[in-house]
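Heads up: the structure comes next, in structure tokens.
The values are calculated or read from the model by the stated rules, or taken from the named source; none is laboratory data. Note that the structure is a prediction, hence the values are computed from the model and not measured. Here the Cβ positions follow ideal geometry from the backbone for every residue, glycine too, while neighbour counts run over all protein chains shown.
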Amino acid sequence: MSDTPDSAVRTYIDTHRAAFLEDLAAWLRIPSVSAQPEHDGDVRLSAEWLSAKLRETGFPVAEIWETPGAPAVFAEWPSADPDAPTVLVYGHHDVQPAAREDGWHTDPFEPVIRDGRMYGRGAADDKGQVFFHTLGVRAHLAATGRSAPRSTSSS
């Protein structure tokens, strides 16, 4: 494999794939069903989990914001370059209700891997996408040795 930044990121991801999937599975096990009041504590736990992972990744700001509904997570990594572009990633950490009788072949909050794919409530909507944006930043930092994400206006 070449030493290009893209190949270094891919190598990092391949090397850490099992740990990434373990982290995602841990998050998917949190039944953060915001539509069911009995899961309010789980929704908060999900917000705390995400905020901690964002800080672990290096985000200097990762906060839980109280709202009239479920807690929101806000994170930012301000650039020292005032001309750097702003990148906004939006997603949610709560999930819809799930029950075996809804067509799940396994417990929806106990992720399983079948045919190379992870199945669990939130794996595709939306915990998986949110988490993989975070992992992309983590892989970029590790592969480049940078302490902050690179913007197009910096080197």
Flagged in segment 114-130 as in a strand (DSSP E or B) and either touching a strand residue (DSSP E or B) at 6+ places or on another chain (Cβ under 6 Å) or within 16 Å of R29 (Cβ to Cβ) (or both), in numbering order, are M118, Y119
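Per-residue answers, yes or no, for (1) surrounded by 15 or more Cβ atoms within 10 Å (Cβ to Cβ); (2) of a type outside the set (F, W, Y); (3) on the phi > 0 side of the Ramachandran plot; (4) touching a Pro at 6+ places or on another chain (Cβ under 6 Å):
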{"position": "E101", "(1), (2), (3), (4)": "no, yes, no, no"}
{"position": "P108", "(1), (2), (3), (4)": "yes, yes, no, no"}
{"position": "R114", "(1), (2), (3), (4)": "no, yes, no, no"}
{"position": "A123", "(1), (2), (3), (4)": "yes, yes, no, no"}
{"position": "F131", "(1), (2), (3), (4)": "yes, no, no, no"}
{"position": "G136", "(1), (2), (3), (4)": "yes, yes, no, no"}
With criteria (1) part of a loop (DSSP other than H, G, I, E, B); (2) buried (at least 17 other Cβ atoms within 10 Å of the Cβ); (3) not hydrophobic (A, V, I, L, M, F, W, C), H39 comes up short on (1)
*Hey, A18 surrounded by fewer than 19 Cβ atoms within 10 Å (Cβ to Cβ), touching a residue at least 12 places away in the same chain (Cβ under 8 Å), assigned to a helix (DSSP H, G or I) and on the phi < 0 side of the Ramachandran plot or not*: no
For segment 51-61, state whether one or more residues are modelled with pLDDT of 95 or more, surrounded by 17 or more Cβ atoms within 10 Å (Cβ to Cβ) and among the basic types (K, R). yes
